[in-house]
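Beneath this line is the structure, given in C-alpha cells, with notes to follow.
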Amino acid sequence: MKAFVFPGQGSQYCGMGRDIHENFPAARSLMDKADGLLGYSITDIMFSGSEEELRRTKYTQPAIFLHSMAIATIVGMNDIGMTAGHSLGEYTALCCAGAIGFDDALRIVSKRGELMQHAGEKNPGSMAAIIGMPDINLNALLADASAEGIVQAANFNSPGQVVISGAVSAVRKAIELAPSRGARMAKELVVSGAFHSPLMKPAEEELAAALEEIDIRNAAIPVCMNAVAKPVTDAGEIRKNLVLQLTSSVLWAQSIEEMVRVGVTSFVEIGPQKVLQGLIKRIDKSVGTGGIDTADDIRTLG
C-alpha cells in the first residue's frame with residue numbers, strides 16, 4: 001500500500017511553490033483562489049516574502065498547506081491507501097482524504113495559525129530538539145525539568161529524536177540536563193510558542209468552536225492521526241482528535257509504525273522539503289520513501 005504524508009511547520013522556505021504556480025494551471029487556479037479566500041496574498045508571501053515573514057505562524061501554516069495541496073491536486077490520489085500529516089500536515093492529509101473540503105481546510109488552517117501565534121504571545125514558551133537520548137530516559141528528564149515549569153514531549157519524531165515543549169525556563173533546564181541523560185545533542189528551536197503543550201490551551205477552545213463551524217465528513221481513506229497514532233475515518237473522531245492535537249504530543253514515530261503494521265510499504269512526502277522522508281527512514285528502513293516538492297519533481301513523475 002502507498003501512503004501520502006504531509007509536512008508541518010518548519011518545512012517552509014522562501015520561494016516555495018512559485019515554480020508550481022508558473023507551470024501548472026490547476027495549481028495556479030487553486031493558489032489564486034486561496035488568495036481570494038484568505039483576503040490577502042499568501043502567494044506573495046510564499047514566492048517573494050522574507051524568511052522572517054514566512055516564519056510567522058499565521059502565514060507559515062496556510063503557506064505549507066497550500067503548497068502541499070497544489071501538488072496533490074496535480075498528482076491526484078490514485079492508488080493511495082492512507083494519508084498522514086505531521087501536526088499542521090494532518091489538515092492536508094484530511095483534505096486529501098475527503099474529510100474536509102479545500103475552502104474549509106484553508107480557513108481552519110489559517111485560523112489555527114492565528115490562534116497558535118496568539119497563544120504563544122499570551123503564554124510565552126519554547127521548544128527544543130533532544131537528539132540521541134535513549135527513550136527510556138525521557139520521562140526522568142522531563143520530571144527533573146518540570147521543577148522549572150510546564151514541559152512535555154511535543155513530537156516523537158523518530159527513535160532518538162524527540163522535541164520537547166513548555167515554559168522557557170523548563171525547556172532550558174531540560175537542555176542543560178540532557179547530556180547527563182545520554183543525549184548527544186539538545187538544541188533550543190526558533191519558534192513562536194510552546195506548540196503541542198498545555199501552553200496552547202488558550203487556542204484550544206476557539207479552535208474547537210471554529211471546527212464546529214465547518215463540515216467534517218467521514219474520510220474516504222484512513223488518516224493516521226497524530227494524537228492517537230491510529231487510522232481514523234469517522235468524522236466525529238476526526239473532529240475530536242484535531243482539538244486534542246493542539247495540546248497533545250505528535251505521535252509521529254508511532255503513527256508510521258502503525259501504518260507499516262497495517263500494510264503501508266511506500267511513503268511519498270507531498271510538500272516542501274524532505275523532513276518526513278528522513279524521519280521515516282530512521283523509523284523503518286524497510287519501507288520505500290520519496291517526495292514531491294517542485295515542478296521538476298512533478299515532471300519526473302510524468
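Considering only residues that are in contact (Cβ under 8 Å) with a residue 12 or more places away in the chain and closer than 26 Å to residue 246 by Cα, which ones fall in segment 15-42?
If the condition is that a residue be in contact (Cβ under 8 Å) with a residue 12 or more places away in the chain and closer than 26 Å to residue 246 by Cα, then 16, 34, 37, 38, 42 are the ones that fit.
Are there any pairs, at least 6 apart or on different chains, whose C-beta atoms fall under 8 Å, with the first in segment 153-170 and outside the structural domain of residue 246 (by TED's automatic domain parsing) and of a type in the set (Phe, Trp, Tyr) and the second assigned to a strand (DSSP E or B) and modelled with pLDDT of 95 or more, and if so, which?
Partner pairs satisfying both residue conditions: 156/162; 156/250.
Among 274, 230, which is the only one that is touching a strand residue (DSSP E or B) at 6+ places or on another chain (Cβ under 6 Å) and surrounded by fewer than 20 Cβ atoms within 10 Å (Cβ to Cβ)?
274
Search segment 188-219 for residues being among the β-branched types (Val, Ile, Thr) and either modelled with pLDDT under 95 or within 16 Å of residue 126 (Cα to Cα) (or both), and hand back the single one that is nearest to the chain's Cα centre (by Cα).
Checking each candidate, the answer is 191.
For the structure I just gave you, tell me whether residue 99 is crowded, with 24+ Cβ neighbours inside 10 Å, over 24 Å from residue 40 (Cα atoms) and out of contact with any Pro (no Cβ under 9 Å at 6 or more places or on another chain).
Judged against the criteria, residue 99 is a match.
Checking the condition within 26 Å of residue 208 (Cβ to Cβ), modelled with pLDDT of 95 or more, out of contact with any Cys (no Cβ under 7 Å at 6 or more places or on another chain) and in the same structural domain as residue 173 (by TED's automatic domain parsing), which residue from 131, 150 passes?
Going through 131, 150 in turn, the sole match is 150.
Being in a loop (DSSP other than H, G, I, E, B), at positive phi and surrounded by 14 or more Cβ atoms within 10 Å (Cβ to Cβ), is that true of even one residue in segment 13-29?
yes
Check segment 114-133 and report whether any residue there is among the hydrophobic types (A, V, I, L, M, F, W, C), free of Cβ contacts under 8 Å to residues at least 60 places away in the same chain and crowded, with 24+ Cβ neighbours inside 10 Å.
yes
Would you pick out the residues in segment 225-253 that are in contact (Cβ under 8 Å) with a residue 40 or more places away in the chain and under 15 Å from the mean Cα position of the chain (by Cα)?
The answer is 225, 226, 242, 245, 246, 247, 248, 249, 250, 251, 252, 253.
Looking only at strands (runs of 3 or more DSSP E) that fall completely inside segment 215-302, which ones have 1 or more residues that are out of contact with any Asp or Glu (no Cβ under 9 Å at 6 or more places or on another chain)?
Counting at least 1 such residues, we get 230-232, 266-270, 288-292.
The values are calculated or read from the model by the stated rules, or taken from the named source; none is laboratory data. From a predicted model like this one, the values you see are computed outputs, not experimental measurements. Note that we place each Cβ from the backbone using ideal geometry, even for glycine, and neighbour counts take in every protein chain shown.
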